[in-house]
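The values are calculated or read from the model by the stated rules, or taken from the named source; none is laboratory data. Worth saying up front: this structure is predicted, and the values here are computed from it rather than measured. Positions of Cβ are generated from backbone atoms using ideal geometry, with glycine treated the same way; all protein chains shown enter the neighbour counts. Quick note on the areas: whole protein, heavy atoms, side chains included, nothing else; ligands and nucleic acids left out. Shrake-Rupley method; radii C 1.70, N 1.55, O 1.52, S 1.80 Å.
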Amino acid sequence: MTSEAVRRFGAELAALAQGAPGGAGTVSAQVIDVTDTGVNVEWSGTLLLDVPCMGAYRNRSAGDWVILRPGARPVVLGRPDTDPGDMTQVREAAAEVALDAQVVRAATWGTAAPPGTGWQGPVTLHMRRTADGKIELYGQLVAETEPPPPPPVPRPPRPVTITPTAYGTWRGGRPDDYASYPVQGDYTGRGDRRGGWFYGTAIAAACAGKSVAGMRLAVTRRRGAGANAKRPVHLYLHDHTSPPSGQLNLDEGPEDLLRLSVGAQGSAALPASWRTRLADGSRRGLAIYARGATDYMAVQGGAITITFTT
């Protein structure tokens, strides 16, 4: 914080303490970003970083209005409205479990014929294991006394998450020995940096023979690099399978899909044209690049989650 921001923050805390019994008042604040240790919130024009949260505040996301207990160590108590939990995620998990379950209701055997009606005795029983590890049974009959059930609806392939095999930063046409993670911009006047994530040929291999529905990138903005406030992540495609010894080439871009404050975690869907190029192997990875100090930042992560339709 600047000295003026600190002064105003202290004055507001003092006023709050005078107006609430024991100084234990609460205020409303807006979440700017979710971090690995809490949330970044804005209160009365001041950005508070890595504020811890009570367990009642679930399913956190940027833009939430929350109940903040200010003080020397502020804490987010929760949302001002009821938080029932994310039922969408519960329903998706339940549907996934139902699809994974076998459709056989019961299994038994004996030397006598089974009781009841509708039974059919197969001449030959066939079985196989599917690509998902599930068992399929097929009874070959002489004649049908009951129509067979419809075949199961084909499931799309499971999502795949591809993590980088390498990453780094380039400046002046060569790898930058002073940056361990991808960096964009220039904070010292020594030249603009560009950072990249490398996946070998894993993205195209994961997409081979499948129809891609989406690709989503997940990153975290590192602390100690650039201004604390939200800044855009300038994303590009590149065609390198591994870190180059010379310049890191930038292809399509920039796309400003994410804006992150310091310490924030974020994810964004890649444009359709980008996922097409990554899926067919004409592009191999992602990069970041900016000019000057305004959007200077370091970023870590880089996992890409791919979903499919068929």
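Any residue in the stretch 173-186 that is touching a His at 6+ places or on another chain (Cβ under 8 Å) and surrounded by 17 or more Cβ atoms within 10 Å (Cβ to Cβ)? Yes, the stretch 173-186 contains at least one residue that is touching a His at 6+ places or on another chain (Cβ under 8 Å) and surrounded by 17 or more Cβ atoms within 10 Å (Cβ to Cβ).
Annotation: Gly209 fulfils all but one of (1) closer than 25 Å to Pro159 by Cα; (2) part of a loop (DSSP other than H, G, I, E, B); (3) in contact (Cβ under 8 Å) with a residue 12 or more places away in the chain; the unmet one is (3). Taking the criterion of being open to solvent by 40 Å² or more (accessible area, probe 1.4 Å) and either charged (D, E, K, R) or at pLDDT below 95 (or both), the residues of the stretch 216-226 that qualify are Arg216, Arg222, Arg223, Gly224. If you go through the stretch 193-215 and pick out every residue that is open to solvent by less than 40 Å² (accessible area, probe 1.4 Å) and either under 23 Å from Met297 (Cα atoms) or modelled with pLDDT under 95 (or both), you end up with 6. When the stretch 132-146 is filtered for residues that are within 27 Å of Thr310 (Cα to Cα), aliphatic (A, V, I, L, M) and open to solvent by 100 Å² or more (accessible area, probe 1.4 Å), only Leu137 remains. Residue check: Leu235 meets all listed conditions (1) outside any loop (DSSP other than H, G, I, E, B); (2) free of Cβ contacts under 8 Å to residues at least 40 places away in the same chain but one, namely (2).
Contact map, the stretch 285-308: first residue closer than 20 Å to Val212 by Cβ, second residue of a type in the set (Asp, Glu) and open to solvent by 10 Å² or more (accessible area, probe 1.4 Å), Cβ cut-off under 9 Å, separation 6 or more or different chains; pairs are Gly285/Asp239. When Gln184 is tested against the conditions (1) assigned to a strand (DSSP E or B); (2) of a type in the set (S, T, N, Q); (3) over 23 Å from Ser245 (Cα atoms), the lone failure is (3).
If you filter the stretch 147-172 down to residues that are surrounded by 16 or more Cβ atoms within 10 Å (Cβ to Cβ) and hydroxyl-bearing (Ser, Thr, Tyr), you find that the one that is farthest from Val123 (Cα to Cα) is Thr169.
Considering only residues in the stretch 227-244 that are surrounded by fewer than 20 Cβ atoms within 10 Å (Cβ to Cβ) and under 22 Å from the mean Cα position of the chain (by Cα), the one that is farthest from Thr35 (Cα to Cα) turns out to be Pro232. Just to be sure I understand, how many residues within the stretch 112-131 are open to solvent by 100 Å² or more (accessible area, probe 1.4 Å), within 37 Å of the chain's Cα centre (by Cα) and modelled with pLDDT under 80? Number of matching residues: 1.
This table checks each residue for (1) closer than 20 Å to Pro149 by Cβ; (2) at pLDDT below 75; (3) surrounded by 10 or more Cβ atoms within 10 Å (Cβ to Cβ); (4) under 30 Å from the mean Cα position of the chain (by Cα).
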residue	(1), (2), (3), (4)
Arg79	no, no, yes, yes
Asp83	no, yes, yes, yes
Gln89	no, yes, yes, yes
Ala94	no, yes, yes, yes
Ala98	yes, yes, no, yes
Ala106	yes, yes, no, no
Gly110	no, yes, no, no
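Looking only at the stretch 245-264, residues that are closer than 16 Å to Tyr167 by Cβ, crowded, with 16+ Cβ neighbours inside 10 Å and without any contact (Cβ under 8 Å) to a residue 60 or more places away in the chain come to 1 in all.
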